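To keep things clear, I will list the structure first and then write my remarks on it.
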């Protein structure tokens, strides 16, 4: 499984020019995105952090609609090239790091995104495609939409003062709000310019602020639409087929990695076969965006295979073994012992406040607690922070009603060195599952394990 342990990034600044305006393709009284197969959207993002770190972020986007579903949504392929620089050095290129992601989601013409995720604020498709209003009522009073799935984020939209609903170009102000913002004392807003004739956002001004750790930081920036090009039906058909082939191969590769990390005996064979599968896929592809991505995965394979082999070996040492006991106080002041929960399925979620992926995963852990509240299941928050105030800030922000244990030193008993980590114990206290890292499928995956253990 590919774990994403890099920290969330911050935002955006600067602006290139636009191509000539395309002819109108839809009604101009109600805003809508104009999507069709063969259309290519190019965006450019630049950002410089203002918190003393001097980091610069440059992001080049390509977005391609590759077909429409029966529900009216469009399948999107997104390529995102990120360059990070240390702006504090005289020659920042000496400290450049680059990263390319290719992923997919679906989008309706009103901007509803399905299956979309963000990889930090500078790689956030919700900023390219803010939700549009449904009608006159929303244009007048404002409207809300959901942010990234499983993270409990709500985006509040309204027409910017001075904008008239009938204007061909409208300005939309969006404020993003989620429980994570209470944890990190952060604020995220953007001002998007939407061109009704082009059916696209042409410019986004962004601002992110945080007061966490008394390190007031602020980043302002700009995203610019640099072009909309028509590739044609023939190109679209070929690109769509290769996209389907590419994502099927990537899904199979990541599933092989997931299985390899869980099975020390089969790990080497699974990974060897997975690499062969990528190499075969590479030979069958011709589109640069997919060829480059598969090539980078092959180049990184051997190093990651070593990590997975080590993970599988460590897992084998702990899985199906009785969990070592502990006794500790909860944030509520009460004494807790692991032994007290014998007879229940136990989920221990190890986290700390400054772990961004821990906080992103927590809404799903809270959902687990609510879903199994009337069954013999105990969800325990295992906070490894030194300060109780950090634990309380997270508990209050995330609405955690299950016990939070002061777990400093307990993670070491289980060899935990990656966060978040969830340990799932059966009713006898045996470790039956170890879930490491953030996943949008965390609730679904862990729920299935809990139901299986309850049925035993």
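Taking each residue as 0.36 nm, the span from residue 456 to residue 427 lengthens on full extension beyond its C-alpha to C-alpha distance by 9.5 nm. At the listed q of 0.08, 0.12, 0.13, 0.14 Å⁻¹, the Debye profile of segment 39-231, built from one uniform point per Cα, gives log10 I(q)/I(0) equal to -0.28, -0.63, -0.74, -0.86. Modelled spin-label separation between residue 114 and residue 213, with each label point placed 7 Å from Cα along the Cα-to-Cβ direction: 3.9 nm. Residues within the reach of a label modelled at residue 245 (point 7 angstrom out along Cα to beta-carbon, backbone nitrogen below 20 Å), restricted to segment 257-276, are 274-276. Taking the number of Cβ atoms within 10 Å of each Cβ as an exposure proxy, the fewest-first ranking of 357, 64 is 357, 64. Spin-label model, residue 307/residue 286: points 7 Å from Cα along the beta carbon direction are separated by 3.5 nm.
Inter-label distance, residue 220 to residue 96: 2.8 nm, where each label sits 7 Å from its Cα along the C-beta direction.
Does segment 373-415 come out rounded, prolate or oblate by the C-alpha gyration tensor, with a ≥ b ≥ c the root eigenvalues, rounded set by a/c under 1.5 and, if not, prolate when a/b is larger than b/c and oblate if not? Since a/c reaches 1.5 but b/c is at least a/b, the shape of segment 373-415 is classed as oblate. Based on DSSP H segments of at least four residues, each scored -39500 (n - 2.57), the chain has a per-residue ellipticity at 222 nm of -9500 deg cm²/dmol.
Built from the Cα atoms of segment 170-302, the convex hull projects on average onto 12.8 nm², one quarter of its surface area. Rg/Rh for segment 327-455 stands at 0.92; both radii use Cα atoms, and Rh follows the Kirkwood definition. Among [x] 69, 53, 52; [y] 63, 58, 40; [z] 69, 56, 48, only one was calculated for this model; which label is it, if the read-out is Cα extents along the principal axes in Å? So the calculated entry is the one marked [x]. Two decimals is fine: what's Rg over Rh for segment 229-290, C-alpha atoms, Kirkwood radius as Rh? My calculation puts Rg/Rh at 1.15. Here, segment 239-378 has an Rg and a Dmax of 20.7, 62 Å when only alpha carbons are counted. Once you reduce segment 394-456 and segment 94-135 to the center of their Cα atoms, the two points are 29 Å from each other. Both radii come from the Cα set of segment 135-218: Rg as radius of gyration, Rh as Kirkwood radius; their ratio Rg/Rh reads 1.04.
Rounded, prolate or oblate: pick one for segment 337-391, where a ≥ b ≥ c are the square roots of the eigenvalues of its C-alpha gyration tensor, a/c under 1.5 means rounded, and failing that, prolate if a/b is larger than b/c, else oblate. Because a/c hits 1.5 or more and a/b fails to exceed b/c, segment 337-391 counts as oblate. For segment 236-291 versus segment 142-221, the inter-centroid distance based on Cα atoms is 36 Å. Residues 379, 102, 291 in ascending order of nearby Cβ atoms (within 10 Å, fewest first): 291, 102, 379. FRET efficiency for the pair residue 317 and residue 168, taken as 1/(1 + (r/R0)^6) with r the Cβ-Cβ distance and R0 = 60 Å, rounds to 0.40. Computed extension gain for residue 70 through residue 279, at 0.36 nm per residue and net of the alpha carbon distance, reaches 71.9 nm. Here the extension length gained between residue 354 and residue 327 equals 7.3 nm, from 0.36 nm per residue of separation less the Cα-Cα distance.
Since every read-out is calculated from the coordinates, none of them should be taken as a lab result. For clarity, every value in this text was computed on a predicted model and none was experimentally measured. As a convention, Cβ positions derive from the backbone with ideal geometry for all residues, glycine included, and neighbour counts pool all protein chains shown.
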